[in-house]
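These notes concern the structure reproduced below.
Read-outs throughout are calculated quantities, based only on the coordinates presented, and are distinct from any laboratory measurement. Everything quoted here is computed from the prediction, not taken from an experiment. Methodologically, a virtual Cβ is constructed for each residue, glycine included, from the backbone with ideal geometry; neighbour enumeration extends over all protein chains shown.
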Amino acid sequence: MTCLLPRGNKKLNKKTKKKGSKKTICKKVPCQKKKLLEILRNTNFPLNQSRKNVMKKGQVSYEGFVLGMINLLPFWAKIKGTKQDLSVRTKDPKFKELYKNTRLLLKLHDPNFKYSTIQYNKNHRCAKHKDGRNVGESYIIGLGNYTGGELMVWDKNDKNPKKHNIRNKFYKFNGSDHFHETQPFKGERYTMVYFNV
């Protein structure tokens, strides 16, 4: 014999379910950092083999990708009739939540900063380089349970290197004008770089 619940109970059950499944909406940077780190840990990072300038000698790939606008190769630019387009992963629903929450983190920190693209890196020690395709200043932040991994930045004359602790901290610099690299680190390290192309 089937027992049907009264309508009132059904409505109560629906409300309870919705309340329990409500997503956390962060209004402050510390909360958003925690939320974003959880999303990063659940993200499948693809291997990047194209950015040779950020790899150490003998390294052939690292875990990293971009979301947002990218500069197209001349062949694709000619076909599409534009020099820039959204990256393939930006259009992929799997990265929607990550992209949304990464943008929210910077909005909470500096709502007036303009950028077009976000570079994501996982456990990658960048070689000394300049960002050839970036325009103007960038923001970088490191998340995760790690020690070390400071950002070393040289002046415009490639002298006077300075270490900057970016773990849970935003740092603004011009990566197209200044050589920079990642210092050795231990543990789980994610970095996000917000920049313009």
Can you grab the distance from the C-alpha centre of region 26-80 to the C-alpha centre of region 144-195, Å, no decimals? 16
Would you mind calculating the relative contact order of the chain from Cα pairs under 8 angstrom and at least 6 residues apart, reporting the percent as a whole number? 22
Over 25 Å between Cα atoms, which of Lys33/Lys56; Lys35/Lys162; Lys128/Lys163 qualify? Lys33/Lys56; Lys35/Lys162
Could you pull out every whole DSSP H run in the chain that spans at least 15 Å of Cα extent along its own axis and averages -0.5 or higher on the Kyte-Doolittle scale? 29-41
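Which ordering of Ser50, Ser138, Ser116 is given by a fewest-first count of other beta-carbon atoms within 10 Å? Intermediate results must be reported in sequence, preceding the final value.
On the way: Ser50 9, Ser138 23, Ser116 15.
Starting with the residue having the fewest Cβ neighbours, the order is Ser50, Ser116, Ser138.
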Take the alpha carbon atoms of region 26-196, find their radius of gyration, then divide it by 2.2 N^0.38 Å using N residues; give the quotient. 1.01
Dimensions (Å) - region 23-96, Cα atoms, principal axes, largest first: 43, 36, 19
For the residue pair Asn71 and Lys34, what label-to-label distance in nm results when each label sits 7 Å from Cα along the Cα-to-beta-carbon direction? 4.0
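Calculate the dipole size of region 26-196 relative to its Cα centre from +1 charges on Lys and Arg beta carbons and -1 charges on Asp and Glu beta carbons; express the result in debye to the nearest 20.
220
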Quote the Stokes-Einstein diffusion coefficient, in whole µm² s⁻¹, for region 118-197, based on the Kirkwood radius over alpha carbon pairs, a temperature of 20 °C and a viscosity of 1.002 mPa s. 171
